[in-house]
Amino acid sequence: MAFVQAIAWACRKAGLPPESLLEQAQIAPHEVENPAARVTAWQFERLSGLAMQALDDEALGWFRRRLPWGSYGMLARASISSPTLGVALRRWCRHHGLLQDDITLQLDSEGGTATLSLTAHRDLGPFREFCPVSVLRNAHGLACWFIDSRIPLQGAQFPFARPAHHDAYAVLFPGPTRFGTEPAALRFDARYLQLPLQRDEAALRQMLQRALPLTVLQYRRDRLLVQRVRSLFTADPAAAHSAEALAQRLHLSPRTLHRQLKDEGASLQGLKDEVRRERAIALLHRTDRPIKQVACEAGFTNDKSFIRAFRTWTGQSPAEFRRTARGAQ
């Protein structure tokens, strides 16, 4: 309800009583002051759209300069021709700065982590929470839509104190969230920046007819999930890597993890076997380590289970494979 209060405050500041908009969104005006009250995604989408059109400001009063109706659609059109998500987001950040100068959006990538940050250049007053939350959530939702994929967040941070309604952030920004940390920012796997856009102008026109659901939509597909799971297996092949532990690290439920991998034509056991096989073959090729040690480093608890698995993969025992490989060199 705190976000509804921010919209109502923007309306009153502009001289527009919000009661009519609240009623059209099926939000009882007396509930607005109830901090324990909640609204549905549809109610919030409806209220936001009505307020944006009534105020002719898609920023809902956040900035000193209005963003007339259609501004964010224009930004999306300026990015839709980008070859990759990274280019699209950098264009979005740059063009957003041409429309207003109260905040700066910046995309950085370092050490495999991408960071989309928002820096405010003035006190945003009653919008100190609603503005960065909305801008970053909108950008994240659009980025997911651009590549038709979930972009799991490694973390989110905001410069204001933890609000009473902090539990809502688990819905808006799934993943660890910190408060009281400058600047407002989202972090995610930088490999998503290399993915090509999956949308065209026709899809954009259709999306813009009802764009606000992007702020709450969570995609099922994750175009990098297979790679992310492989990376976890590769980083520590000797770990047990249960579905529960992996799902927790990926901020998914075990059921969702299995389902999404199946949608991508993969499975946990299949990916684990691939990583173990590649590791074992590399060690047999490049080192003289004993078979027992190779088994351990490839993630097996004993050499007997390793030998059985290796025969299944290659039709040879590890020792036979090593002799054949060395003889062919």
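The numbers here are math on the coordinates, done by the rules we state, and not lab data. Owing to the predicted nature of the structure, the values given are computational and were not obtained by experimental measurement. Cβ atoms come from the backbone with ideal geometry, glycine included; neighbour counts cover every protein chain shown.
The residues packed around Q206, meaning those with a beta-carbon under 15 Å from its beta-carbon, carry a net charge of +1 if Lys and Arg are +1 and Asp and Glu are -1. Which of the three applies to region 224-329, rounded, prolate or oblate, going by the alpha-carbon gyration tensor with a ≥ b ≥ c and a/c under 1.5 meaning rounded? Here region 224-329 falls in the prolate category.
Quick one: putting +1 on the C-beta of Lys and Arg, -1 on the C-beta of Asp and Glu, what dipole do you get for region 56-215 around its Cα centre, in Debye to the nearest 20?
120
Ellipticity at 222 nm from helices only: DSSP H runs of n ≥ 4 in the chain, each -39500 (n - 2.57), divided by the residue count, give -15000 deg cm²/dmol.
Mind checking region 86-186 for trypsin sites (Lys or Arg not before Pro) that DSSP puts in a loop (not H, G, I, E or B) and that have at most 15 other Cβ atoms within 10 Å?
Answer by residue number: R122.
Between the helical axis of 41-55 and the longest alpha-carbon principal axis of the chain there is an angle of about 50 degrees.
Here D108, D222, D167 are placed in order of increasing Cβ neighbour count within 10 Å, fewest first, which gives D167, D108, D222. Dipole magnitude for the chain: about 1340 debye, using +1 per Lys or Arg Cβ and -1 per Asp or Glu Cβ, origin at the Cα centre. Taking every C-alpha pair closer than 8 Å and separated by at least 6 residues, the mean separation divided by the residue count of region 56-215 gives a relative contact order of 26 percent.
Ordering T119, L142, L186 by the projection of their Cα atoms onto the charge dipole of region 56-215, which places +1 on the Cβ of Lys and Arg and -1 on the Cβ of Asp and Glu, puts L142 at the extreme positive end. Here the extension length gained between Q316 and T181 equals 43.0 nm, from 0.36 nm per residue of separation less the Cα-Cα distance.
Based on C-alpha pairs under 8 angstrom that are at least 6 apart in sequence, the chain has a relative contact order of 12 percent. By definition, a body whose alpha carbon gyration tensor gives a ≥ b ≥ c is oblate when a/c is 1.5 or more and a/b is not larger than b/c, and region 56-215 fits this oblate description. Using the Cβ-Cβ distance between T113 and R12 with R0 = 30 Å, the FRET efficiency computed as 1/(1 + (r/R0)^6) comes to roughly 0.15.
Quick check: residue separation of H285 and D56 times 0.36 nm, minus the Cα distance between them. What number comes out in nm? Don't jump to the answer; show the numbers that get you there.
Numbers: separation 229, 0.36 × 229 = 82.44 nm, distance 6.66 nm.
Computed gain between H285 and D56 is 75.8 nm.
Applying 1/(1 + (r/R0)^6) with r as the Cβ-Cβ distance of Q106 and M74 and R0 = 22 angstrom yields a FRET efficiency of 0.65. Using only Cα atoms, tell me the angle between helix 254-263 and the longest principal axis of the chain; keep it within 0 to 90° and round to the nearest 10. Rounded to the nearest ten degrees, it is 80. The label-point distance for A238 and H251, in a model that sets each label 7 Å from Cα toward Cβ, rounds to 3.1 nm. For the chain, the longest principal axis of the alpha carbon atoms and the long axis of helix 85-99 meet at an angle near 20°. Given the choices (1) 16.3; (2) 17.2; (3) 20.0, mean projected area of the Cα convex hull in nm² derived from the coordinates of this structure is entry (3). I want the local charge near A247. Using Cβ-Cβ distances under 13 Å, sum +1 for each Lys or Arg and -1 for each Asp or Glu among the other residues. Spelling it out: positives minus negatives among the neighbours equals +2. Cα centroid distance between region 271-329 and region 156-197, in Å? Using only Cα atoms, the two centres lie 42 Å from each other. Reducing region 40-61 and region 243-257 to their Cα centroids gives an inter-centroid distance of 35 Å.
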